[in-house]
């Protein structure tokens, strides 16, 4: 992948500083009544002024038409080809709730489910049990005992939980037990490579004991496991970009994603204003700051157009604080789109803005999808964001003589 | 190639419906007198209104600067990488005139040519003999007799014909006999793989007998064969996209191309209005409708600017009929450009419009090259058209967690 190895060859350390401000799920769709997207509807005087001094464009997280999850969308923004570097579902689920996943651990995503008397799955989601009940059930599972393997089980939301196994020689080459359909029996965990046989037996033992413990419970009388995975081995931002990088995020998943690429996770407080303060506090210690704003995506996922507008306006308010630090490069964008009208992630390209002394600013009137579409950067893949940032921070040498 | 295997992994069946309306050779160049392209000169109130409600862009069939033939241009629109999936010249020529080509058949393109008394080619095109004369000559060749192999010979246009061989164990691993230059003798057909020896002998026997039959004719006293090829094995639209797809076309080549990717060919009548009617008649039976309008390209190829303008206006008139079906996605574009001023296919990117409930429409004033260049979709390869269509029809799952 050109953008990666090439950049790795050309990059040099320098004192210049880069901020990547990610508003999660930033891109939107027009409100049926006004025809304006969330970003167009928001009052964003700071971002609009910044856009007029910046290079703008639209980014595709994966490729046109593809809706990404948070994992691949963030890897792409960090410059890691999301089709080459994969993060397993189990690992992502565990990171998302702040569970520790160490090298060698195997993580899986779990569902509590309902079994009927014939041994078939009556409901793969156990009626979407309440999260509080889920937490009680997870505590019950702690009495499971496995030979020479420790594990942690933690509730996520409703019927979902995460489990992390820790021990010697564990493998993630395992099949799912969830048949993805009601009315069928759960599948046994099977090893897909010879070295995974023992881990498969351990996982099946975990499930058998879970079934015994939950036998009298209703509706959650069994568990399904899927997405067995280990920590991916990603080269770090230090190795690839020679950057000392810091992550400022509030939600565990984004701290986890950042730590996967070797960023130092810095306490981010509880609001986007706190996050901007954290950037300022640590300004001297790092060259690269990834700052993550979750509220935009959360509102979009809930289909709450107005709340997403407000979340954008909160982000707008911290822009002067960030500019006051005099970053060599300030980028504002999203990892993907989460239009409130779709109430979920989408494939739409994401507004992108790069502010630096070394841009050709073409006078975008404001920071929004339609003005970014006319920006000089055009439409480009998210994996090209890091090379652009490093270039504008004058950290990249010339290629060839 | 990302757009293909990835989409195959993510796609699911759904009741949503997609129309891909291809005006062949749509893209144009400015008329020297008016400075307007064919599309700009055409009166297209329906397409212009549609463009104002759509996402627009420009597509490159292969890559910038590359002029495609109809085969690769259409494969790209259907999402099949045209550099990976190749359709042989012989097969395309045969499909283009509606000859049946079955699995195992070998097709070749033929030229009638003129030989001089020294056995060299005096004219590779036999003075571009009249098509009627060509048909007579083809009937004469029917008396050729080959051992255990049947064949059909059919006139194409002027000196061009197509031949399809049918029999057991035929191979297309054969060299051309056309030396591509006058003044040289025809080359023998040679096998390029061991299993092709017998087919090479059969082809040479065909040529020898043709030479004997045509010996006294002038100017067409010999044949040249090239582009030996078999049907390519393409995964079907059903396999790749889980789509039940229909092709509505008038010309044989486009029906043939569509059938190569497993589309059901539906009778299209004789006009573009008939084609729109055919879409309506079969609306309940399919998820995907490829509708092909040939007249734009034919006029462009003839260098007839005005006729191409009229062909575009005819297409404009059927837009309300298509919209009346309430497709989830309606795309209007071309397979490639055929500017009347060039009187042939060209490399210029092609206007593209995607109408769906889930677009950010940026108020393109009209459907033309210059407004599409400013559209949010930007400039992108034709192979990304299908992923975009499927995304907007909500048929694609999320990539990664």
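Readers should treat all values here as calculations from the given coordinates under stated rules, not as data from a laboratory. All values reported here derive from a predicted model rather than from experimental measurement. In this analysis, Cβ positions are derived from the backbone assuming ideal geometry, glycine residues included, and neighbour counts consider all displayed protein chains.
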Which of B:336, B:282, B:348 fluctuates most in a GNM of chain B (C-alpha springs under 10 Å)? That residue is B:282
One decimal, nm, nearest first: from residue B:265 to the same residue in each other copy, label points 7 Å out along Cα→Cβ, the values are 6.0
Connecting every pair of Cα atoms under 10 Å apart in chain A and solving the GNM, the largest mean-square fluctuation among A:148, A:294, A:242 falls on A:148
Which FRET efficiency, nearest 0.05, do residue B:218 and residue B:270 yield, Cβ-Cβ r, R0 30 Å?
-> 0.20
What is the helix-to-structure angle for A:197-214, meaning the angle in degrees between its Cα long axis and the longest Cα principal axis of chain A, kept from 0 to 90 and rounded to the nearest 10?
-> 70
So how far apart, in nm, are the two label points at residue B:116 and residue B:184 if each is 7 Å from Cα heading toward Cβ?
-> 1.5
When chain B is turned about an axis onto chain A, which of its residues keeps its C-beta closest to that axis, and how many Å is it?
-> B:378, 3
Quick one: with label points 7 Å out along Cα→Cβ, list the inter-copy distances for residue A:86 in nm, shortest first?
-> 3.1
Where is the GNM fluctuation largest for chain B (alpha-carbon springs, 10 angstrom cutoff): B:284, B:71, B:27?
-> B:284
Within the protein assembly as shown, helix-based [θ] at 222 nm, where runs of 4 or more DSSP H residues each add -39,500 (n - 2.57), nearest 500 | -9000 deg cm²/dmol
Whether the stretch A:223-359 is rounded, prolate or oblate, judged on the alpha carbon gyration tensor where a/c under 1.5 counts as rounded = oblate
Starting from the Cα coordinates of the protein assembly as shown, work out the convex hull volume and express it per residue in Å³.
-> 206
Take every DSSP beta bridge whose two residues both sit in the protein assembly as shown, then give the antiparallel share in percent to the nearest 5.
-> 60
Inter-copy label distances at residue A:116, 7 Å along the Cα→beta-carbon direction, one decimal in nm, shortest first?
-> 8.7
Using every alpha carbon pair in the stretch B:180-269, what percent of pairs falls into each 10 Å bin from 0 up to the bin containing the largest distance?
-> 14, 27, 21, 26, 12, 1
Provide the descending list of Cα extents for chain A along its principal axes, expressed in whole angstroms.
-> 67, 53, 36
Dimensions in Å of the stretch A:304-366 - Rg and Dmax from alpha carbons = 13.9, 38
Applying the gyration tensor rule to the Cα atoms of the stretch A:1-139 (axes a ≥ b ≥ c; rounded if a/c under 1.5, else prolate if a/b exceeds b/c, else oblate), the class is oblate
With labels modelled as points extended 7 Å from the Cα through the Cβ direction, what inter-label distance (nm, one decimal) is found for residue B:143 paired with residue B:242?
-> 5.9
Measure nothing but the geometry: give the 0 to 90° angle between the long axis through the Cα atoms of B:305-317 and the longest principal axis through the Cα atoms of chain B, rounded to 10°.
-> 50
How much length is gained on full extension from residue A:302 to residue A:103, taking 0.36 nm per residue of separation minus their Cα-Cα distance?
-> 68.2 nm
Stokes-Einstein D for the stretch B:91-229, Kirkwood Rh over Cα pairs, 10 °C, 1.306 mPa s (µm²/s) | 108
Tilt relative to chain A, helix A:272-281 - C-alpha long axis, 0 to 90 degrees, to 10 | 70
